[in-house]
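Just so it is clear, none of the values below were taken in a lab; they were calculated from the coordinates. Since the model is a prediction, treat every value here as computed from it, not as a measurement. Reconstructed Cβ throughout: ideal geometry from the backbone, glycine too, with neighbour counts over all protein chains shown.
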Amino acid sequence: MTQLITWLLHSIASVTPILRELIALVAILFETSLFLGLVVPGDTIVIVSGTAVGGVGDFISLLIAVLIGSLIGESIGFWLGRFFGARLRASKLGQKIGDRNWQLADTFVETRGGIAVAISRFLPVLHSLVPVVAGMTKMRYRVFIVWTFGACTIWAAAYISLGWIAGASWSQFSGNLKWGGAIFAAIILVIAVAFHFAKQRLEKAAERMIEQGEDSQAAIAGGVQVQPEGEK
């Protein structure tokens, strides 16, 4: 196990920083795009790239690359929604996503505005749908990109940090042939569990927001339009 992990991390580190950053940029661009975002493991690629971070300079350059990829991918989703949203939703691929998922994204954006854009970056499925749905609404691109920038910065920094910690931990403990692999696995497990529970709390918060939004929409008899939070 120790030799396998060492070989894997050395292989990643042997790739030039520019190539790693380019791979991460393209992967996260696809991961944040409609349809492709449902199958491309962009977060995994970002974490793996983070294992080769050797210092603050490497961290910042990878963060910038991932952030650029995220903003491009999210912006593509927004403008696809603005110009082709209805047709994309009615397409065969759009139908495969499921009408319920589209409805959830609709309610989330309509009732929470920019906050929905930010939170969706951390949620499965919705992270690809919300930018498209936001483009289909009256939300201004400036509002969309501000919330997206903040969320993507936090997301990218968290996932790169996870990879960096993993790589640094292995460098520190790999010399211990007996316990190095176990210590490394324990550290990764603790971090993964912490990430899981943090993400789970966000998912539950989003579910509550969506449920409240659905209740509010059902209770509005006269069709009064309430300005979404995050656009005020």
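At what distance in nm do the modelled label points of Arg100 and Phe149 sit from each other, each positioned 7 Å from its Cα along Cα→Cβ?
If labels sit at Arg100 and Phe149, their model points lie 3.7 nm apart.
Highest mean first, how do 117-123, 89-95, 19-25 rank when packing is the count of other Cβ atoms within 10 Å averaged over residues?
Ranked from most to least packed, the peptides come out as 117-123, 19-25, 89-95.
So for Glu207, Glu110, fewest C-beta neighbours within 10 Å to most, what's the order?
Listed from fewest to most nearby Cβ atoms, that is Glu207, Glu110.
Enumerate the amide H contacts of Gly113 below 5 Å, restricted to partners 5 or more residues apart or on another chain; note that Pro and chain-start residues carry no placed amide H.
Those lying under 5 Å, H to H, from Gly113 are Glu229.
In what sequence do Met209, Met139 fall when counting other Cβ within 10 Å, fewest first?
Ranking Met209, Met139 by Cβ neighbours within 10 Å, fewest first, gives Met209, Met139.
Arrange the following residues from fewest to most other Cβ atoms within 10 Å of their Cβ: Ser49, Ser70, Ser14, Ser161.
Ser14, Ser161, Ser70, Ser49
Have a look at the range 14-152 and give its Rg and Dmax from the Cα atoms, expressed in angstrom.
15.3, 47
So what are the ³J(HN,Hα) numbers for the range 105-110, from phi and the Karplus equation (6.51, -1.76, 1.60; θ = phi - 60°), rounded to whole Hz, Gly and Pro as x?
Whole-Hz 3J(HN,Hα) from phi for the range 105-110: 5, 4, 5, 4, 6, 5.
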